[in-house]
Amino acid sequence: MTHAIWFMTGLSSQRDMIRAIKTAVPEITIVASHQQPRYEILAEADYAYLEPALSLKQTHANTADIEPMLVFMAEVVKKHQVAAIHVGRNSGWFEGHRTTIEAWGVTLITGARGLTGFAIADNKLAFANHMQALGLPVVPTLGAATLAELEQIFQRQPFGETDFCIKPAHGIYGMGFWHLDTRARLVDADTKRMHPDIYLAAARLDSNRGHEFCPQVVMPFLPGIERSVDIVIDQGKVITAVGRCKQDAIQYFERSGAAFELALACAEQLGLDGLINVQTRDDASGKPLLLEANLRPSGGICFSLSSRVNLPALFAQYVTGLRSATDIQAQVAACFTPAYVRSTSTVLPLPLSLPSLNALPLPGTTRLPLAATLDLETI
Ligand SMILES: Nc1ncnc2c1ncn2[C@@H]1O[C@H](COP(=O)(O)OP(=O)(O)O)[C@@H](O)[C@H]1O
Ligand SMILES: [Mg+2]
């Protein structure tokens, strides 16, 4: 078995994960690729590529032989003898081609096996209904597929006097989340608080101007502590996990408690697979409720290094066959150390010129040359 792992276009933590793995397990070869010339990510890997554009319309396996992405992937897998491919974006497309990809002798990690997990996790209403059916505590969730439905929900006041909140059914990064509070003033917009009448007026204005309504979910606003649990999981079997408890700007780590157990139960019940993240929030009585499951690593996955648990490195060791689940569990039990952290912002200086990256056409304009290796030495 080879010890090469390939990270394809991911979300916010791709760079941090590659660095974390490289530092802890230098014997693992890391290949990285991206749809865009993201120097700060690609320069961290041993080998880096720009990906060909993905034609999302062709999702059926019988189009496999004409998919430039699959041709490109087969080439990279063969060249570096990749043992595992991690995808963090357009994961449903890769999932649809799992059979073709795994026939090359590689493990594909998308966050779930089969499209059902994606359908549930991608839709906050479906997720809440599914969790409720499983008997797992989840925030009560109402769906509004149209503006008329939203207006009705606002009128009915289904949560009584409790503050409520709204967010897109298919959201990410907290975009479109609003805490709807009749006491909110204009200055509160910075803290994502808005008067419900203002929200409705804005939604109507959008509609009058011809903008399509994005399905929303409406739910009680939970005033308690929020947690984000990063989980290494193999087809519904938890390998290891670290929870982060968020209190204002401070976060601390934990590996036990009702919220932690709830997050693991959710991941197991959904049969998730890879490096994923489940979020909970406490209600007014302090009881944790499920908020959402993300079938990808969280933006803060590498914060866990401060608790002496390097989740990305353990994940990479597991999927490349370097370490067993038992071995990983013993190490985490021995190393985990509670710690407090505060997230800071920083910048990365780029070289004045990026010749290799700039020389390549941007995705979507011209078909990229297959296996366009970036000569990182010259950057
Ligand atoms: N019911 C709720 N009560 C209080 N805060 C919430 C609630 N739902 C979401 N939030 C806040 O909004 C953020 C984004 O919501 P989340 O469900 O995680 O969607 P996404 O991350 O996909 O945008 C959460 O991290 C949390 O801080
Ligand atoms: Mg979230």
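Can we say Ile233 is within 14 Å of ligand 2 (Cβ to nearest atom) and either at pLDDT 95 or above or touching a Lys or Arg at 6+ places or on another chain (Cβ under 6 Å) (or both)?
no
If I ask for residues that are aliphatic (A, V, I, L, M) and under 19 Å from Pro312 (Cβ atoms), which ones from region 97-111 would you list? First the steps, then the outcome.
Residues of region 97-111 aliphatic (A, V, I, L, M): 101, 103, 106, 108-109.
Residues satisfying the conditions are Val106, Leu108, Ile109.
Tell me which helices (runs of 4 or more DSSP H) are completely within region 78-161 and hold 3 or more residues being of a type outside the set (D, E, K, R) and buried (at least 17 other Cβ atoms within 10 Å of the Cβ), or say none if there are none. Quick ask: steps written out before the conclusion?
Numbers: elements: 91-96, 98-102, 115-121, 124-134, 147-156.
Filter on region 78-161 gives 91-96, 115-121, 124-134, 147-156.
Does at least one position in region 126-147 carry a residue that is within 11 Å of ligand 1 (Cβ to nearest atom) and within 17 Å of the chain's Cα centre (by Cα)?
Applying the first criterion (within 11 Å of ligand 1 (Cβ to nearest atom)) to region 126-147 yields 127-128, 138-141.
Subsequent filtering for residues that are within 17 Å of the chain's Cα centre (by Cα) retains 127.
Scanning region 126-147, I find at least one residue that is within 11 Å of ligand 1 (Cβ to nearest atom) and within 17 Å of the chain's Cα centre (by Cα), so the answer is yes.
Does at least one position in region 246-256 carry a residue that is modelled with pLDDT of 95 or more, away from ligand 1 (no atom under 11 Å from the Cβ) and closer than 30 Å to Ala83 by Cβ?
Checked against the condition, which is being modelled with pLDDT of 95 or more, away from ligand 1 (no atom under 11 Å from the Cβ) and closer than 30 Å to Ala83 by Cβ, region 246-256 yields at least one hit.
Quick check: anything in region 53-76 closer than 30 Å to Ser304 by Cβ, buried (at least 21 other Cβ atoms within 10 Å of the Cβ) and more than 23 Å from the chain's Cα centre (by Cα)?
yes
So is Asn123 on the phi > 0 side of the Ramachandran plot, among the polar types (S, T, N, Q) and under 15 Å from the mean Cα position of the chain (by Cα) or not?
Values: on the phi > 0 side of the Ramachandran plot: no; among the polar types (S, T, N, Q): yes; under 15 Å from the mean Cα position of the chain (by Cα): yes.
No: the conditions fail for Asn123.
Considering only residues that are more than 16 Å from ligand 2 (Cβ to nearest atom) and of a type in the set (S, T, N, Q), look in region 254-295 and name the one that is farthest from Leu108 (Cα to Cα). Full working, then the answer.
Initial filter on region 254-295 (more than 16 Å from ligand 2 (Cβ to nearest atom)): 254-258, 260-261, 264-265, 268-269, 271, 273-274, 283-287.
Those still in the list that are of a type in the set (S, T, N, Q) too: 256, 269, 285.
Numbers: Ser256: 30, Gln269: 20, Ser285: 41 Å.
Among them, the one singled out is Ser285.
Being in contact with a helix residue (DSSP H, G or I) (Cβ under 9 Å, 6 or more places away or on another chain) and within 16 Å of ligand 2 (Cβ to nearest atom): is that true of Ile198 here? First the steps, then the outcome.
Numbers: in contact with a helix residue (DSSP H, G or I) (Cβ under 9 Å, 6 or more places away or on another chain): yes; within 16 Å of ligand 2 (Cβ to nearest atom): no.
Considered against the rule, which asks whether it is in contact with a helix residue (DSSP H, G or I) (Cβ under 9 Å, 6 or more places away or on another chain) and within 16 Å of ligand 2 (Cβ to nearest atom), Ile198 comes out as no.
Exactly one of these conditions fails for Phe159: (1) within 16 Å of Gln216 (Cβ to Cβ); (2) away from ligand 2 (no atom under 16 Å from the Cβ); (3) free of Cβ contacts under 8 Å to residues at least 24 places away in the same chain; (4) not aliphatic (A, V, I, L, M). Give me its number.
Unmet condition: (3).
Where the second residue is acidic (Asp, Glu) and more than 9 Å from ligand 2 (Cβ to nearest atom) and the first is part of a loop (DSSP other than H, G, I, E, B) and lies in region 283-299, which pairs have Cβ atoms under 8 Å and are six or more apart or on separate chains?
Hits for this filter: Pro297/Asp230; Ser298/Asp230.
Could we say that Thr63 is outside the structural domain of Gly299 (by TED's automatic domain parsing), at pLDDT 95 or above, on the phi < 0 side of the Ramachandran plot and in a helix (DSSP H, G or I) here?
Details: outside the structural domain of Gly299 (by TED's automatic domain parsing): yes; at pLDDT 95 or above: no; on the phi < 0 side of the Ramachandran plot: yes; in a helix (DSSP H, G or I): yes.
For Thr63, the condition - outside the structural domain of Gly299 (by TED's automatic domain parsing), at pLDDT 95 or above, on the phi < 0 side of the Ramachandran plot and in a helix (DSSP H, G or I) - is not met.
Exactly one of these conditions fails for Ile172: (1) more than 16 Å from ligand 1 (Cβ to nearest atom); (2) within 29 Å of the chain's Cα centre (by Cα). Give me its number.
Going through (1) more than 16 Å from ligand 1 (Cβ to nearest atom); (2) within 29 Å of the chain's Cα centre (by Cα) one by one, Ile172 breaks only (1).
Go through region 83-93 and count every residue that is out of contact with any helix residue (DSSP H, G or I) (no Cβ under 6 Å at 6 or more places or on another chain) and modelled with pLDDT under 95.
Just the residues of region 83-93 that are out of contact with any helix residue (DSSP H, G or I) (no Cβ under 6 Å at 6 or more places or on another chain), to begin with: 83, 85-86, 88-91, 93.
If we keep only those that are modelled with pLDDT under 95 as well, we get 88-91, 93.
Total meeting the criteria: 5.
Just need a number here: residues in region 201-227 that are surrounded by fewer than 17 Cβ atoms within 10 Å (Cβ to Cβ) and within 16 Å of ligand 2 (Cβ to nearest atom).
2
The values are calculated or read from the model by the stated rules, or taken from the named source; none is laboratory data. All values reported here derive from a predicted model rather than from experimental measurement. All Cβ positions, even for glycine, are placed from backbone atoms using ideal geometry, and neighbour counts span all protein chains on display.
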